[in-house]
Number of protein chains: 4
Amino acid sequence: MNNIDLIIDKLLKFRDERDWKQFHNSKDLALAINIEAGELLELFLWKESENFDKEKLNEELADILAYCLLLAEKNKIDIFKILEDKIEKNALKYPVSKSKGTSKKYDEL
Amino acid sequence: MNNIDLIIDKLLKFRDERDWKQFHNSKDLALAINIEAGELLELFLWKESENFDKEKLNEELADILAYCLLLAEKNKIDIFKILEDKIEKNALKYPVSKSKGTSKKYDEL
Amino acid sequence: MNNIDLIIDKLLKFRDERDWKQFHNSKDLALAINIEAGELLELFLWKESENFDKEKLNEELADILAYCLLLAEKNKIDIFKILEDKIEKNALKYPVSKSKGTSKKYDEL
Amino acid sequence: MNNIDLIIDKLLKFRDERDWKQFHNSKDLALAINIEAGELLELFLWKESENFDKEKLNEELADILAYCLLLAEKNKIDIFKILEDKIEKNALKYPVSKSKGTSKKYDEL
């Protein structure tokens, strides 16, 4: 069992001990990801890019990841596979020759 | 090397081939996570909880995870450690005896 | 009839001509606000603070405001009243003597 | 002076008494809108569509609107004009004949 599967097991155990599976539909898990992403963003509000609370970064990032893993688990998604697929897809959308050194979106390249 | 480290290596290689490290400060990575989270949310808009485009879910979830991994890497964060820590912390915030079967927030328990 | 009420009337007419009232529950309107807020945020990604597409700013801001007005209308909320109330409440949370010149949150003052 | 201009005046007075103009660049105002939108979304998490805290809805909606008005003011945007323009533009994107009774996005119609 790899590390991610171990974490997913702990998250499911945590959820099931509290009988929370009933709340964890895919739509609300997507809401939860957005809410936690907003809390992450708050660490940077009115601040320079690297001037933030490192301890809180750990916590907010963990919250986002936890809900991502729960949403993946609910939909039987292999996160390694989707990440590999996305990197391949983005390599086509952003060829090195066109996208090197520019932050433009693919539809503006 | 575990699977997550392999993916992070691929993400860094993708970034560095395009000379994008210059754009990837922590604040903008937090923005990117929020933007992708918004795109994930859009899959569920005006819809029932499990009635959404599964193919797009894979893509949006991969985007969020990719930026989470890049933000973690930039800040030398071990995602397994922060996830373990967060589960422990939440176990204190949400004791089974109080939180079982209710979706209330810890400050309302 | 003031300007805001005129706009709300146009938004409702637009909605009702398309028979979209059935989709506009409060939760999905909150999702829509978040999705549009994410699109607004995208205008600033990897960019300096004032270096963005002004034309798109108009559009994304209009989208957010439109859904805010629809959510207010659905819940019989007077936006002028809630804005007045919030300014008063924030004046107590952020007294001038403590908050002048600092971007700290009220719970850190 | 219309009601919106009166509210904007109060928001600017509140900001200037606290010397906060220095923090209110367009990018951070966009972050603030997203953060408040996330707090709005939290009212609906794990809940049925109309089962939420009405008092908190007033507050979160006021926060979003306040930052929208500040972002508009900073960029000399007339919110009535952009709302009118957007309704016209959406009428072309979503013709009644195609969009009636369906929640599909314009690119799926």
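Some observations on this one:
- Value of relative contact order over chain D, rounded to a whole percent, pairs C-alpha under 8 Å and six or more apart: 26 percent
- Translational diffusion coefficient (Stokes-Einstein; Kirkwood radius from C-alpha pairs) of the protein assembly as shown at 25 °C, 0.890 mPa s, in µm²/s: 108 µm²/s
- Among the listed pairs B:Lys104/D:Lys93; C:Lys56/D:Lys10; A:Lys56/D:Lys56, a Cα-Cα separation exceeding 29 Å is found for B:Lys104/D:Lys93.
- Relative to the other identical copies, A:Ser103 shows label-point distances of 1.6, 3.4, 3.7 nm, where the label point lies 7 Å from Cα along the Cβ direction and values run shortest first.
- Label zone at A:Asn51, where the point sits 7 Å out along the Cα-to-Cβ direction: segment D:12-50 residues whose backbone N lies under 16 Å: D:20-29
- Where GluC sites (Glu not before Pro) fall in DSSP loop in segment D:42-106, at most 11 other Cβ within 10 Å: D:Glu48
- When +1 charges are put on Lys and Arg Cβ atoms and -1 charges on Asp and Glu Cβ atoms, the dipole computed for chain B relative to its Cα centre reaches about 560 debye.
- C:Lys13 label point (Cα plus 7 Å toward Cβ) to equivalent points in the other copies: 3.5, 5.9, 6.2 nm, shortest first.
- For peptide A:67-73, the mean count of partner chain Cβ atoms within 10 Å of a residue's Cβ comes to 3.
- Cut-off 10 Å between beta-carbons: net charge of the residues surrounding B:Phe23, Lys and Arg +1, Asp and Glu -1: +2
- Counts of other chain beta carbons within 10 angstrom of each beta carbon in peptide B:5-16 average 2.
- When A:Ile87 is represented by a point 7 angstrom out along its Cα-to-C-beta vector, the spacings to that point in the other copies are 2.5, 5.0, 5.3 nm, nearest first.
- Distance-filtered residues of segment D:1-31 - backbone nitrogen under 16 Å, label point 7 angstrom along C:Asn3 Cα→Cβ: D:1-12
- At q = 0.13, 0.26 Å⁻¹, base-10 log of I(q)/I(0) for segment A:1-77 (Debye sum, equal scatterers on each alpha carbon): -0.46, -1.21
- Which of C:His24, C:Val96, C:Ile7, positive extreme of dipole for chain C (C-beta unit charges): C:Val96
- Placing unit charges on the Cβ atoms only, positive for Lys and Arg and negative for Asp and Glu, gives the protein assembly as shown a dipole magnitude near 0 debye about its Cα centre.
- 10 Å Cβ neighbours from other chains, averaged over peptide B:74-81: 4
- With respect to the axis relating copies B and C by rotation, the chain B residue whose beta carbon is closest, plus that distance in Å, is B:Gly38, 1.
None of the figures in this text is laboratory data; all of them are computed from the coordinates on show. Here the structure is a predicted model, which is why all the values come from computation and not from measurement. Don't worry about glycine lacking a Cβ; one is built from the backbone with ideal geometry, like all the others, and counts go over all protein chains shown.
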